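Encoded as structure tokens, the structure appears first; notes follow it.
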Amino acid sequence: MEEKKDVRILIIEDNEIDLLLATRYLTRAGYSQITNAGDVSQGVKRAVEDKPDLVISDTVLPDSDGFDACSQIRKVLGEQKPKIIITTGSVDAVDAVRARKAGADDYCAKTSDCALLLEAVKKLV
């Protein structure tokens, strides 16, 4: 598998199993520069420090939500970069309009095989 060395990905996720799954599938897809944060404040700080190409944020986080994370990252880093995907474990929780208003480039439901996430990542990077 071709390694995508130049793509830096930040995952903002507080659920260890979801984080491990996403990291495993992204690594298998050739993405090797993956960092993570467990909440919004840590995620925004890491985004500023690492300047990732892509941020993947869960909707439900301990100190706020993925929409807030997206808005804060956009405010600090701008509209063009990084690309942002908001994910959710509950299809009902996906709010496309809210995600777009927050500045997300895409949104998807979490699946055990991460197929929707990988498709969204490939589309954006």
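Each value in this text was obtained by applying a stated rule to the coordinates, not by laboratory testing. The shown structure was predicted, so the numbers you read here are calculated from the model rather than taken from an experiment. Cβ placement follows ideal geometry from the backbone for every residue including glycine, while neighbour counts extend to all protein chains displayed.
If I compute Cα extents along the principal axes in Å from the structure I just sent, which labelled value in (i) 42, 31, 23; (ii) 35, 31, 24; (iii) 33, 33, 28 lines up? Label (ii) holds the value from this structure. Contact order, relative form, for the chain: 23 percent (alpha carbon pairs under 8 Å, 6 or more residues apart, mean separation divided by residue count).
Note on the chain: GNM, Cα springs under 10 Å; of Ser112, Ser32, Ser41, the largest mean-square fluctuation is that of Ser112.
Bridges between two residues of the chain, per DSSP, are antiparallel at a rate of about 5%.
Between Lys122 and Lys45, full extension at 0.36 nm per residue minus the direct alpha carbon distance yields a gain of 25.2 nm. When only alpha carbons are used to place a centre, segment 48-88 and segment 100-116 end up 12 Å from one another. Scoring 46-54, 61-69 by mean Cβ neighbours within 10 Å over their residues and listing the highest first yields 61-69, 46-54.
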